[in-house]
Structures are given as structure tokens and as C-alpha cells.
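See below for the structure under consideration.
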Amino acid sequence: MTTGPSVRAALLRFPQRSWTAARCGRCHHLQEQTMTSSRTARTTESVRAAESVRTVAPAHTVRAVRTADPVRTADPGDTGDRVSTIDTVRRHPERHRVLTGDRPTGPLHLGHYFGTLQNRVRLQDLGVELFLVVADYQVLTDRDRADRPADYAEDLVLDYLAAGIDPQRATVFTHSAVPALNQLMLPFLSLVSVAELGRNPTVKDEIAHAGRATVSGLMFTYPVHQAADILFCKADLVPVGQDQLPHLETARTVARRFNERYGQVFPEPAPLLSASPLLLGTDGGKMSKSRGNAIPLGADEDRTARLVRSATTDADRHITYDPQHRPGVAGLLQLAALCQDRTPEEVADEIGSGGAAALKRLVTEAVNEYFRPVRRRRSELARDRGHLRKILAAGNEHANAVADTTLREVRTAMGTVTAAA
Ligand code: TRP
């Protein structure tokens, strides 16, 4: 596995959509990522998160990375890190290890699918080693108790497998089943300051939205725990959304400071940003379970039709793609476009003056058609919960072996291992 410069500035291109992981050539601050089509659709939270990325970056790093231009992200003449393309990954998939994950709080929806699941499967199919964490401890950041954590963990496995994750090749595990991962949290906490933790914009935003009287220690420190998720398996690439970039920066800081203090143990992981537009929900806002505007991956065809029919549109019968002024219509166009691998404008042209009803019929058909195999697989797998539990057990066993090895290395580097141990 490499930890060298090529990883710091990776740009991956996939057949339809691409991810970028871009890093300034002169320093290691994150660059701003340009996603034109999602710009207008951003929620306040993600705008704030994006702005925070901009504010941590010195002016010279704020360069747009155009995903449409897959090969050159660095400025001409930039002598810094080399950009690696998907070809680099393709040539040496065994040099990369990817970790990402989700909180088990309910079924995944189409926003998750187009935002990240699809790309995880592409990476897996390229032969990159994949670790997926079911972040059950992280659920406790904004609530007192996790609701049915084991059931939801199995549901996540179900959604992963339905989307194409292969448990023979990918390791799916839960936080809480891997003690050595959690122990890394202690030395890692010693590497960050309270002030740094307090500046994390995503955490600030979550605190503001949690509507709770107090902020728990876990809420304040979970980015460090997330660094343990990433570093226990020495992942070098982390596919995440914009809002997770501050956490990635924490993981990089932890890795760098650990290495400086105790000797080289960890790679500095680079983010892989999804270049798919932020998927809009049925109300024209960001698709999210908590907003009640999501179409679940596992929804059947009738439920999909009902959800699409309930989407907010407008009275103008002439359908145009205008995310700023017609977010509801734009969201539907985008969804159909993703399912049919064409542009939202093309879909709009096809509908012409057919009005919202015609648009909704087209979207329902496009979604149902595209997801038919995924949903068929999902309902077959759902019949055997024991199988899902076995997959998790095997993933947990493998994750434990990896975490034990890393913890031993960490303790040796720190000098806490006695000769007899
Ligand atoms: N914080 C992520 C989310 O809410 C989930 C997560 C937990 C994660 N640990 C991670 C993502 C490590 C990437 C890497 O979606």
C-alpha cells in the first residue's frame, strides 16, 4: 500500500461519473471541489461545510477541480504532488485500501446509492480492498440511545449487498465489535487540541441541529473516533461527501502527528469526493431520511410511484431544468437522468410541455426499471437474516485481526509494550 504523494492527489475517473480526491500541490490543505449542478441545491449545512473547507484553505489552494477534466487537476506548472488517475488505481489496486461507512439509523435511499454506494462497488470491482464500517457507536452522538442498533446494522448489510458489495471481497464490520479499533481513540485523543475539535464545522452544525441542551463528549470527539475507523486498517482513500471533509482533515492530522511523535505507522488518508450531483428529495431539498423526502433503495414499485407522485413541483407545464427556480422539478429530472444515464436537460426536452404528471410517470418508470435487479436481490437476501448476521460476524473477525495488529504496532511505537508482552 502506498502512502506517498500519488495518494495525496488522487483523481479517479469512472465510466459515468467520477470522484476526485484533490489536494493542493504546495501544502496539504483540501481544495475546493466544484460541483456545478449541486451548487444551487446545497442545503445550509452543506454550504456551511463547504465554506469551512474554503476557510481552512489558504487562498492559493482554492482552485476548482473540474471532474469533467479527469487527468489534469493541478495547475499547469504546479510542481507539487502528481495527480493519479483511475489508471493508477487500476494498475495497482492492491496498493490501495478504502474505508468508508454509514451510521446504522435506517434503510439507505437513492441519495446514498448515487452519492456513494455505486462508487464503492466500482472501486471493489477494480480490485481495491474495501472496508465498510457500520458506525454503531457514532449513532450515539446526537441521541441518548440507539434505536434497534443490531437490526439496523443488518439492514445496512442488506442494502450494501443489494447494491453489489461482495462480502467475499469487502469487509463489513461494526464499530462496537472491534475493541482494538476503539482503543486507538485514547492515544489519538492526545494528538488533537480541544480548540481544534471545537472548530470542526460539521460537528458545530450537528450540535446546532441536534436541539439538545448539552453536547456530549462523544459528539465533540467523534471525528477522532472516525480517525480510528480509518487508520486501524491503514486506509489511504476515503470516499465521503463534502460534509465529511473536516473529519478527514482530523484523520490526516492524527496520522501525521502520531508518525512525527512515535515514528511512521499510518498513511495520511485522502478523501474521494463523489462528483455526482447532490440528489434532491421529493420536496426539492437534499434527499435525507430525516426530512422525510427520500425514496428508500428497498421501496417497491408502488411505493416508489406514490413517493414520486407526492413530489413538490409547480404549475408550469413546460418542463425545464432550472435547479435554482424549480428545485422540485429539477430533482425529478436529475433522478431520471441518473437512472437513464443521460442529462437532466435531455429528460426535460423529452417531456416538453407534458407537465408534471408526465414527468412523474417517466421518473417512476426510470427508477423502477433501474432498481429492479437491486430490489430483487434485496428482497431475496432479506429472507435470510441469519446470512446477514454471518456476513457481519465474518467481517468483524477480519476487522479484529487487522485492528489487533495495528494496535500492537501502535503500542510498540509508543513504548507501552513490555518485553514480556
Ligand atoms: N460519519 C459518517 C456518516 O455519518 C459515517 C462514518 C463513520 C464514516 N466512520 C467513518 C465515513 C469513517 C467515512 C470514514 O455518514
Taking the condition of being of a type outside the set (Phe, Trp, Tyr) and within 17 Å of Asn119 (Cα to Cα), how many residues in segment 159-181 meet it?
12
Test for Asp314: is it more than 16 Å from the ligand (Cβ to nearest atom), modelled with pLDDT under 95 and open to solvent by 20 Å² or more (accessible area, probe 1.4 Å)
yes
Do we find that Val308 is among the aliphatic types (A, V, I, L, M), in contact with a Phe, Trp or Tyr (Cβ under 7 Å, 6 or more places away or on another chain) and either buried (at least 16 other Cβ atoms within 10 Å of the Cβ) or over 18 Å from Phe232 (Cβ atoms) (or both) in this structure?
no
State all residues of segment 110-142 that are open to solvent by 10 Å² or more (accessible area, probe 1.4 Å), away from the ligand (no atom under 11 Å from the Cβ) and not charged (D, E, K, R); if no residue qualifies, say none.
Gly111, Tyr113, Gln118, Val121, Leu126, Gly127, Leu140
Go through segment 382-396 and give me each residue that's in contact (Cβ under 8 Å) with a residue 40 or more places away in the chain and either surrounded by 15 or more Cβ atoms within 10 Å (Cβ to Cβ) or small (Gly, Ala, Ser) (or both).
Ala382, Leu388, Ile391, Leu392, Ala394, Gly395, Asn396
What are the pairs with Cβ atoms under 9 angstrom where one residue, in segment 187-210, is without any contact (Cβ under 8 Å) to a residue 12 or more places away in the chain and the other, located anywhere, is among the aliphatic types (A, V, I, L, M)? Sequence gap at least six, or different chains.
Arg199/Val56
Pull up segment 221-263, narrow it to residues that are open to solvent by less than 10 Å² (accessible area, probe 1.4 Å) and aromatic (Phe, Trp, Tyr), then point me to the one that is farthest from the ligand (Cβ to nearest atom).
Phe258
Does Ala162 qualify as being closer than 25 Å to Phe371 by Cβ, within 20 Å of the chain's Cα centre (by Cα), within 16 Å of the ligand (Cβ to nearest atom) and open to solvent by less than 10 Å² (accessible area, probe 1.4 Å)?
no
Residues within segment 326-355 that are part of a loop (DSSP other than H, G, I, E, B) and either more than 16 Å from Leu279 (Cα to Cα) or small (Gly, Ala, Ser) (or both), tallied
3
Of everything in segment 89-105 that's open to solvent by 40 Å² or more (accessible area, probe 1.4 Å) and not in a strand (DSSP E or B), which residue is modelled with the highest pLDDT?
Arg103
Boolean, Ala150 is in contact with a Pro (Cβ under 9 Å, 6 or more places away or on another chain) and open to solvent by 10 Å² or more (accessible area, probe 1.4 Å)
yes
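The values are calculated or read from the model by the stated rules, or taken from the named source; none is laboratory data. Quick caveat, the model's predicted, so the values are computed rather than measured. Here the Cβ is made from the backbone with ideal geometry for all residues, glycine too, and neighbour counts use every protein chain on show. These accessible areas exclude ligands, DNA and RNA; they are computed on the full protein's heavy atoms, side chains included. Shrake-Rupley method; radii C 1.70, N 1.55, O 1.52, S 1.80 Å.
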